[in-house]
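Student: The structure that follows is given in the form of structure tokens.
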Amino acid sequence: MVTATNWYHRYLNLPFKLSPLPIFREQGNQIKHFYINDYPFYPVEDWFGDLGLSLLLKEVFYTPPYSKIPIHTDHGMYTMHSKINITWGPEEGVIQWWKSDKTVRKQIEGYGDLTGEKHDNLWAEEDDCELLFEANTNKPSLVNVGILHGTNNPTPYGRWTLCFVPGNHRGKFIHWNEALNIFKDYLES
């Protein structure tokens, strides 16, 4: 059984290649986040099915030049759950994981999907946090989004990320340690 020594990030060797979406050519100065659940990603869906998983969510986010996506947990709790991220952008752009004793549950304007849905997540201010780990996700990556995290793009170029949220046969998120075992044959050494 694979167990976590790094609770944040692991590179994956996917059995297929994904290309950036046409929207990824766009640049701008606004953070973007939206779901693309109707967009087909057959290689991912087939691969998840072969692993006994479902594809719960497909989402995209954009970190503008010289910007950060605020520090948060996904889905409003500390769940230690995983997703797969693939980013197209500068090598200096990273996802960062944080620790804080000061979190708040709130909705953030402008960080919702195309229907205007808002995320009711845990959020923290960087001044109240301690940086734990960071990684570039320009290679496919298994990431833990149940820990406080955010992105940092210190460059003049935008950074687009495609995310896939795996689920089990009951439609529940996959815990980090469980994900390490499920994807063990695809983890980069």
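The values are calculated or read from the model by the stated rules, or taken from the named source; none is laboratory data. The model shown is predicted, which means the values in this text are computed figures rather than measured ones. Backbone-built Cβ (ideal geometry, glycine too); neighbour counts: all protein chains shown.
Student: Exactly one condition in (1) assigned to a strand (DSSP E or B); (2) at pLDDT 95 or above is not met by L56; state its number.
Tutor: For L56, the failing item is (2).
Student: Sticking with this structure for a sec: Any residue in segment 64-83 that is surrounded by 18 or more Cβ atoms within 10 Å (Cβ to Cβ), touching a Ser or Thr at 6+ places or on another chain (Cβ under 6 Å) and closer than 18 Å to I174 by Cβ?
Tutor: no
Student: Which one is nearest to G28 (Cα to Cα), of the residues in segment 63-102 that are of a type in the set (S, T, N, Q) and out of contact with any Asp or Glu (no Cβ under 9 Å at 6 or more places or on another chain)? Spell out how you get there, then give the answer.
Tutor: First, pick out the residues of segment 63-102 that are of a type in the set (S, T, N, Q): 63, 67, 73, 79, 82, 85, 87, 96, 100.
Imposing the further condition that a residue be out of contact with any Asp or Glu (no Cβ under 9 Å at 6 or more places or on another chain) reduces the set to 63, 67, 73, 79, 85, 87.
On the way: T63: 9, S67: 11, T73: 25, T79: 32, N85: 21, T87: 16 Å.
Per the criteria, the residue is T63.
Student: Being at pLDDT below 80 and surrounded by 13 or more Cβ atoms within 10 Å (Cβ to Cβ), is that true of even one residue in segment 91-105?
Tutor: From segment 91-105, those at pLDDT below 80 are 105; that's our starting set.
Checking which are surrounded by 13 or more Cβ atoms within 10 Å (Cβ to Cβ) leaves us with none.
No: zero hits.
Student: Which of the strands (runs of 3 or more DSSP E) contained wholly in segment 119-189 include at least 1 residues that are buried (at least 19 other Cβ atoms within 10 Å of the Cβ), in contact (Cβ under 8 Å) with a residue 24 or more places away in the chain and within 15 Å of the chain's Cα centre (by Cα)?
Tutor: Working: elements: 130-135, 141-144, 149-153, 159-167.
Correct list: 141-144, 149-153, 159-167.
Student: Ok, one more. Mind checking which residues of segment 50-104 are free of Cβ contacts under 8 Å to residues at least 60 places away in the same chain and among the β-branched types (V, I, T)?
Tutor: Of segment 50-104, the ones free of Cβ contacts under 8 Å to residues at least 60 places away in the same chain are 50, 76, 91, 94, 96, 98-104.
Within segment 50-104, V94, T103, V104 meet the criteria.
Student: Within segment 25-45, which residues are of a type outside the set (V, I, T), within 26 Å of E188 (Cα to Cα) and surrounded by 13 or more Cβ atoms within 10 Å (Cβ to Cβ)?
Tutor: Passing the criteria: F41, P43, E45.
Student: State whether the residues of segment 58-73 include one that is over 17 Å from the mean Cα position of the chain (by Cα) and of a type in the set (D, E). Working first, answer last.
Tutor: Going residue by residue through segment 58-73, those that are over 17 Å from the mean Cα position of the chain (by Cα) are 65-66.
The next check asks that each one be of a type in the set (D, E); those that pass are none.
Within segment 58-73, none of the residues are over 17 Å from the mean Cα position of the chain (by Cα) and of a type in the set (D, E).
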